[in-house]
Amino acid sequence: MQEFSLSTPAEGFIDITGKVNEALSASGIKNGICLVFVPHTTAGVTINENADPAVVTDMLAAFSLLVPDIAYRHQEGNSPAHIKASLVGSSVSLPVINGTMRLGTWQGIYFCEFDGPRRRRVCVSFVGG
């Protein structure tokens with residue numbers, strides 16, 4: 001397993017495709033599966049379009065509508081971040097073929113911050129040979 005860290009904004013999506021590709025290159029894996037895992041309860045990881053930055057803006061706006069700021073019982077005050085992270089999920093897996101992650105033409109891997117700013121970790125594992 002390889003790990004890297006990020007400094008995040010208060011809320012936002014960070015394109016980590018390049019960092020995951022670096023981990024893949026260092027691993028020597030040619031064919032198999034890449035697993036990207038975020039070990040945090042108020043952040044997540046997703047695969048989505050990385051060609052138009054308006055997509056990220058739209059996603060953040062939609063999450064704000066889906067998870068409004070109401071009178072949550074969690075004393076820490078970050079319940080919306082926990083809910084958004086659960087909706088996104090904490091891991092993604094991708095096929096690796098001939099040493100390349102098989103992402104779609106417009107796809108990228110995004111770290112999703114919902115409770116920053118913070119220093120966060122991303123774990124990347126590979127299975128295969």
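Coupling constants for the stretch 24-35 follow from the phi torsions by the Karplus curve (6.51 cos²θ - 1.76 cosθ + 1.60, θ = phi - 60°), and in residue order they are 4, 4, 5, 6, x, 5, 9, 9, x, 10, 10, 10 Hz; glycine and proline get x. The charge dipole of the stretch 2-128, taken about its Cα centre with unit charges on the Cβ of Lys, Arg, Asp and Glu (plus for the first two, minus for the last two), comes to roughly 420 debye.
Let me make sure I get this right: for the chain, a, b and c are the square roots of the gyration tensor eigenvalues over alpha carbons, sorted descending. Under 1.5 in a/c it's rounded, otherwise prolate if a/b > b/c, else oblate. Which is it? Let's see the in-between values first.
Details: a/c = 2.48, a/b = 1.81, b/c = 1.37.
Verdict is prolate for the chain.
Residue by residue, the stretch 51-59 carries 3J(HN,Hα) couplings of 8, 10, x, 5, 4, 4, 4, 5, 5 Hz when phi is fed to the Karplus relation 6.51 cos²θ - 1.76 cosθ + 1.60 (θ = phi - 60°); x denotes Gly or Pro. Karplus-derived 3J(HN,Hα) values for the stretch 83-99, using 6.51 cos²θ - 1.76 cosθ + 1.60 with θ = phi - 60°, are 5, 4, 5, 5, 5, 6, x, 9, 8, 9, 10, 9, x, 10, 10, 6, x Hz; glycine and proline are entered as x. Our helix-only sum for the chain, with -39,500 (n - 2.57) per DSSP H run of n ≥ 4 divided by its residues, gives a mean residue ellipticity at 222 nm of -8000 deg cm²/dmol.
Read-outs: derived from the displayed coordinates by stated rules, not from any lab. Source: prediction; values computed, not measured. Heads up, the Cβs are rebuilt from the backbone with ideal geometry, glycines too, and the neighbour counts pull from every protein chain shown.
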